[in-house]
Amino acid sequence: MAGESEEFRAEVREFIDGLVSHYVLDGGRLVVCHAGLPEKYHGRTSGRVRSHALYGDTTGETDEFGLPVRYPWAEEYRGRAAVVYGHTPVPEATWLNNTICLDTGAVFGGRLTALRWPERELVDVPAERVWYEPLKPLRTEAPGGHDGRPLDLADVQGRRVVETRHQGRISIREENAAAALEVMSRFAVDPRLLPYLPPTMAPTATSHREARGGAADEHFLEHPAEAFAQYAEDGVARVVCEEKHMGSRAVALVCRDAEAARKRFGVDGPTGSLYTRTGRPFLDDDALTEQILDRVRTAAGEAGLWDELETDWLLLDAELMPWSLKASGLLRSQYAAVGAASGAVLPQALSALRGAAARGVDVTDLLARTGERSADAAAFTDAYRRYCWTTDGLDGVRMAPFQILAVQGRSLAALPHDEQLALLDRLVEHDGSGLLQTTRRLYVDTGDPESVRAGVDWWLEMTGRGGEGMVVKPVGALVRDGEGRLVQPGIKCRGREYLRIIYGPEYTRPENLARLRSRFLNHKRSLAIREYALGLEALDRLAEGEPLWRVHEAVFGVLALESEPVDPRL
């Protein structure tokens, strides 16, 4: 401009001054500006709007380089329009609260980045060279990705409201957040390797079995016919019944190699993680964990999933067996103790009562009741023993994956379950180590009595030979009812003998079943839906490359809701 006339420079100033401060495009779904814009300024014109759009906002402070400290407006953004901006360069363009900074510092030797809309796809090319040396290092400015700001106590402390795409705002009570903070800070795996927690699951309702004429089923507390009826009422025509395995819930984050783990999750050493539904390490032995991850990684490579899914990492929901692998302490202190006490007392009591009866004492009722108690205790011991077997290292360990939750750039939580299971069948098929096990399933048409009967018979056969039961899920995965509300992502239907472990040896006595059938399930169902929505939100944020603190806002919410008072046996 220095070589131009003053008249021309005046024309340029007038032209630039007359330009709009920001664009509102695609029917209001996209806002484009230079330095970012809160929702309250969208489509408005004023000096304040123009200033924010051109220069952003600052805290009034300056950093060690003498530059103004930018106010993190994007962290607070909750608008419906996507905001695309630049001005402050970042090392990598990542979505944050439906905003994205595309300035990846091409002039400073970074990259030139473009956004394809409405596909929300990013395209970038490297700069030819450093055209201008920045005053401060480029990597210190990242508002998103694993290069962003660290986790902060203020993100999770106190009463919180988490905005989700599928369930709106979900409130987290202060006391629940405090309980979750205790677990997360003391017992959980590295937060960088904890991108998701699975939701709780409600059981079938059984309080109306007799009213529905189910005389033959009166001795069941949970029955699959209830699950099929519930989904039919919700307008779900097709469901899949998945076998529940004799193990514990495990989430596996499996990276293609150590470099992929370093690049995406910022960790040196581990190639992923294996943790429980409360975020704790599943195994105390890191080497054994790595062996499991390596076997899954190898199977994924043999099945061609890395290339087919175009990813360097997989997030899997699975069941790890046997139950005793994780719950040995619980088995010893709670279940085995009950079995041992019953075995020590009841046989002697039976012997004494039989002797009394032989002497002519009228103990008929007491003898019959004690015999029933002894049989129930033996059934209780047999029930929990089915879930225990000896393991040596990985010998005897089995893993049954039943869902691929997310891959690089995509959440797969809404992928129909039949497609999910087909991918996982290939993973199991190509596992040469014997670790992976398939999840048996049966598809049921909720409006077809014959199909429903086949589903019930499958459950009866499976639980009759000692199986835990099954989970009934809509085949379409992410489903809403006629009023637009999320339906239960899964309803568990546990077998009669498995529930003996949960409710005690004598739960099948008529008086106990009558009381248990009035279980209050509404709170459990509400909890399952809220945790499900938070889990989906965590997966969406993870797939979009949002910063760790944003992903953990939803992950932490799931853990906090687990502290809500609800019957743990449900």
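The values are calculated or read from the model by the stated rules, or taken from the named source; none is laboratory data. Not measured: the values here are computed from a predicted model. With ideal geometry, Cβ positions are generated from the backbone for all residues, glycine too; neighbour counts draw on all protein chains shown.
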Confirm whether V251 is out of contact with any helix residue (DSSP H, G or I) (no Cβ under 8 Å at 6 or more places or on another chain), of a type in the set (V, I, T) and modelled with pLDDT of 95 or more. yes
Could you go through the stretch 101-114 and let me know if any residue there is at pLDDT below 90, buried (at least 19 other Cβ atoms within 10 Å of the Cβ), touching a strand residue (DSSP E or B) at 6+ places or on another chain (Cβ under 7 Å) and not acidic (D, E). no
Go through the stretch 272-310 residue by residue and tally those that are buried (at least 17 other Cβ atoms within 10 Å of the Cβ), under 23 Å from A554 (Cα atoms) and among the β-branched types (V, I, T). 1
In the stretch 278-322, what residues are more than 21 Å from the chain's Cα centre (by Cα) and assigned to a loop (DSSP other than H, G, I, E, B)? D284, D285, A303, G304, E310, P322
Please find, within the stretch 245-261, the residue that is farthest from E419 (Cα to Cα) out of those that are surrounded by fewer than 22 Cβ atoms within 10 Å (Cβ to Cβ) and touching a strand residue (DSSP E or B) at 6+ places or on another chain (Cβ under 9 Å). A260
Scan the stretch 266-289 and tell me whether some residue there is over 22 Å from A538 (Cβ atoms), touching a Ser or Thr at 6+ places or on another chain (Cβ under 9 Å) and among the aromatic types (F, W, Y). no
With respect to Y384, determine if the residue is touching a Gly at 6+ places or on another chain (Cβ under 9 Å), within 29 Å of L316 (Cβ to Cβ) and part of a helix (DSSP H, G or I). yes
Hits in the stretch 399-430 (condition: in contact (Cβ under 8 Å) with a residue 60 or more places away in the chain, surrounded by fewer than 20 Cβ atoms within 10 Å (Cβ to Cβ) and either in the same structural domain as T463 (by TED's automatic domain parsing) or not aliphatic (A, V, I, L, M) (or both)): Q408, G409, R410, P416, D418, R426, E429, H430
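Take the residues in the stretch 405-455 that are part of a helix (DSSP H, G or I) and among the polar types (S, T, N, Q); name whichever of them is farthest from G304 (Cα to Cα). Outline the logic, then answer.
From the stretch 405-455, those part of a helix (DSSP H, G or I) are 417-429, 449-455; that's our starting set.
Add one more test, that the residue is among the polar types (S, T, N, Q), and what stays is 420, 451.
On the way: Q420: 15, S451: 35 Å.
The qualifying residue farthest from G304 (Cα to Cα) is S451.
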Of all residues making up the stretch 31-55, the number that are among the small types (G, A, S) and touching a Leu at 6+ places or on another chain (Cβ under 9 Å): 2
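Restricting attention to the stretch 52-69, which residues are part of a loop (DSSP other than H, G, I, E, B) and not aliphatic (A, V, I, L, M)?
Filtering the stretch 52-69 for residues part of a loop (DSSP other than H, G, I, E, B) gives 56-57, 63-67.
The answer is G56, D57, D63, E64, F65, G66.
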Evaluate the stretch 335-346: report whether one residue or more is out of contact with any strand residue (DSSP E or B) (no Cβ under 6 Å at 6 or more places or on another chain), buried (at least 19 other Cβ atoms within 10 Å of the Cβ) and under 20 Å from T391 (Cβ atoms). yes
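Can you find a residue that is modelled with pLDDT under 90 and assigned by TED's automatic domain parsing to the domain that holds V84 anywhere in the stretch 33-45? Explain how you work it out, then say what you get.
We begin by selecting, within the stretch 33-45, every residue modelled with pLDDT under 90; these are 45.
Then drop every residue that is not assigned by TED's automatic domain parsing to the domain that holds V84, which leaves 45.
Yes, because at least one residue in the stretch 33-45 is modelled with pLDDT under 90 and assigned by TED's automatic domain parsing to the domain that holds V84.
Report whether or not E310 is among the charged types (D, E, K, R), under 26 Å from M399 (Cα atoms) and free of Cβ contacts under 8 Å to residues at least 12 places away in the same chain.
Working: among the charged types (D, E, K, R): yes; under 26 Å from M399 (Cα atoms): yes; free of Cβ contacts under 8 Å to residues at least 12 places away in the same chain: no.
It is false that E310 is among the charged types (D, E, K, R), under 26 Å from M399 (Cα atoms) and free of Cβ contacts under 8 Å to residues at least 12 places away in the same chain.
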Of the residues E511, E553, which single one is crowded, with 17+ Cβ neighbours inside 10 Å, charged (D, E, K, R) and either farther than 26 Å from H219 by Cβ or without any contact (Cβ under 8 Å) to a residue 12 or more places away in the chain (or both)? E553
Failed condition for G535, given (1) assigned to a helix (DSSP H, G or I); (2) surrounded by fewer than 21 Cβ atoms within 10 Å (Cβ to Cβ); (3) modelled with pLDDT of 85 or more: (2)
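From V32, V24, grab the single residue that is out of contact with any Gly (no Cβ under 7 Å at 6 or more places or on another chain), in a strand (DSSP E or B), touching a residue at least 40 places away in the same chain (Cβ under 8 Å) and under 23 Å from N97 (Cα atoms). Give the derivation first.
Numbers: V24 fails: out of contact with any Gly (no Cβ under 7 Å at 6 or more places or on another chain).
It is V32.
If you scan the stretch 217-262, which residues turn out to be part of a helix (DSSP H, G or I) and touching a His at 6+ places or on another chain (Cβ under 9 Å)? Before you say what the answer is, go through the steps one by one.
Taking the stretch 217-262 and keeping what is part of a helix (DSSP H, G or I), we get 217, 224-233, 258-262.
Within the stretch 217-262, D217, E226 meet the criteria.
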